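The values are calculated or read from the model by the stated rules, or taken from the named source; none is laboratory data. These numbers come from a predicted model, not from an experiment. Here Cβ is always computed from backbone atoms with ideal geometry, including for glycine, and neighbour counts include all displayed protein chains. Calculation scope for accessible area: heavy atoms of the full protein, side chains included, ligands and nucleic acids excluded. Shrake-Rupley method; radii C 1.70, N 1.55, O 1.52, S 1.80 Å.
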Amino acid sequence: MTHCLTTAGMAFPDYELPMIQVIHLLDLDQGFIEAGRTFTQEHDLWVNDHKPFKFLKNPFISGIMAIETFIEAAHLLYPHLRPLGIRQVEYKDIVECPAGVDRTTLIVCRRLDVNGAVGNEIYCQAAISSPDITRNGRILDRWSTNYVGEVILGTTNGPLNILPDFPVEPAEIKTPAMSPEEID
């Protein structure tokens, strides 16, 4: 049986949005969504695979999971558009997931008015925040922003438009293809 997230007259099968569990607020007119997700080792069996360093006491939510969450939140705002890219990503602080502890996160995504945006591209700023946690796994009342980034959405799947204030010239981005020998 498929469960759905429902909001603003829309229904999304939960398997399409694995990183979002609940929608607290959706304002399509203002281009704003506030959603949530609680991570636990018991429910999110993959989280134990995210402990790349021995000095870390607990596994954590990876950067790629944060980016997937950003894309899902932007998709809820603009379900008719496709993700074209991610930019301005900052990994500020990890979300640790100790055994037996529910790690609640708040996901906020809002449409940006980007000066110089070209064509049908829409830019959304997304952030994931969570309550701070002690070394013993006790959840505090203080919240911190863990991950931030921007999602670029559009109707086509061609190259992205270069922003006027982008510091790297298009010629600097293009690199010739490498042969298998060069890769080896």
Find the accessible area per residue for the range 66-114; the probe is 1.4 Å, ligands and nucleic acids are left out, and the unit is Å². 47 Å²
Could you give the accessible area per residue of the range 1-58, probe 1.4 Å, as a whole number in Å²? 65 Å²
Just add up the charged neighbours of His75: K/R +1, D/E -1, any other residue whose Cβ is under 12 Å from the Cβ of His75. -2
Within the range 5-150, what whole-number % of the accessible surface is contributed by carbon and sulfur, with the 1.4 Å probe and all protein chains included in the calculation? 50 percent
What's the local net charge at Trp143, with K and R +1, D and E -1, over the other residues with C-beta under 14 Å away? -1
Taking every alpha carbon pair in the range 1-100 and sorting the distances into 5 angstrom bins from 0 up to the bin holding the longest one, the percent per bin comes out as 2, 11, 20, 21, 18, 14, 8, 4, 1, 0
